[in-house]
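Reading through the structure tokens given below for one structure.
The values are calculated or read from the model by the stated rules, or taken from the named source; none is laboratory data. Note that the coordinates shown come from a computational prediction; the quantities given were computed from them, not determined experimentally. With ideal geometry, Cβ positions are generated from the backbone for all residues, glycine too; neighbour counts draw on all protein chains shown. Heads up: the accessible areas ignore ligands, DNA and RNA and are worked out on the full protein's heavy atoms, side chains in. Shrake-Rupley method; radii C 1.70, N 1.55, O 1.52, S 1.80 Å.
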Amino acid sequence: MTHHEFQSCIDACARCAQECDHCAEACLGEADLKAMAECVRLDRDCADICRAAAAILSRGSRYAAAVCRVCAEVCEGCGAECARHTHAEHCQRCAEACQRCAEVCQRMVAG
């Protein structure tokens, strides 16, 4: 497959990485930083795997499905953690981006 066939997944991964980076940075400014520590950790992990997935998809790698499987798993975990922080709008936006990315990656793996 060419990167054009993966474009929706590449776009979802790029958007998710951007939201995760923003969320991690915003979490660092929260009053109760200790309560946000796991969110920051997962945001960073998720942003990294999303960027890696986008790069691998862009190259049309034969490992694209395997990386997307892992990316979906990390996105689900990050999204669940962010969703817990209902007081933080940045976490809610991140949770939505993570869920979307996980769904798109899962479809790519299945299809």
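Would you mind finding the one in ASP48, ASP43 that is acidic (Asp, Glu), open to solvent by less than 10 Å² (accessible area, probe 1.4 Å), at pLDDT 95 or above and in a helix (DSSP H, G or I)?
Just one listed residue meets the conditions, ASP43.
Restrict the check to segment 1-15 and report whether at least one residue is buried (at least 22 other Cβ atoms within 10 Å of the Cβ) and farther than 17 Å from GLY111 by Cβ.
Within segment 1-15, none of the residues are buried (at least 22 other Cβ atoms within 10 Å of the Cβ) and farther than 17 Å from GLY111 by Cβ.
Where the second residue is open to solvent by 50 Å² or more (accessible area, probe 1.4 Å) and the first is among the hydroxyl-bearing types (Ser, Thr, Tyr) and lies in segment 82-111, which pairs have Cβ atoms under 8 Å and are six or more apart or on separate chains?
Pairs found: THR86/GLN92.
Could you go through segment 41-49 and let me know if any residue there is of a type in the set (Val, Ile, Thr) and over 12 Å from the mean Cα position of the chain (by Cα).
No, because not a single residue in segment 41-49 is of a type in the set (Val, Ile, Thr) and over 12 Å from the mean Cα position of the chain (by Cα).
Tally the residues that are under 11 Å from the mean Cα position of the chain (by Cα) and part of a loop (DSSP other than H, G, I, E, B), restricting the search to segment 70-103.
Within segment 70-103, residues that are under 11 Å from the mean Cα position of the chain (by Cα) and part of a loop (DSSP other than H, G, I, E, B) number 0.
If you take the residues in segment 16-28 that are among the aliphatic types (A, V, I, L, M) and in a helix (DSSP H, G or I), which one is most open to solvent (accessible area, probe 1.4 Å)?
ALA26
Here is a list of conditions, (1) aliphatic (A, V, I, L, M); (2) within 17 Å of CYS101 (Cα to Cα); (3) not in a helix (DSSP H, G or I), and ALA31 meets all of them except one; can you say which number that is?
In the conditions (1) aliphatic (A, V, I, L, M); (2) within 17 Å of CYS101 (Cα to Cα); (3) not in a helix (DSSP H, G or I), ALA31 misses (2) alone.
Scan segment 55-110 for residues that are buried (at least 20 other Cβ atoms within 10 Å of the Cβ) and more than 30 Å from LEU33 (Cα to Cα) and jot them down.
ILE56, LEU57, ALA64, VAL67, CYS68, VAL104, CYS105, MET108
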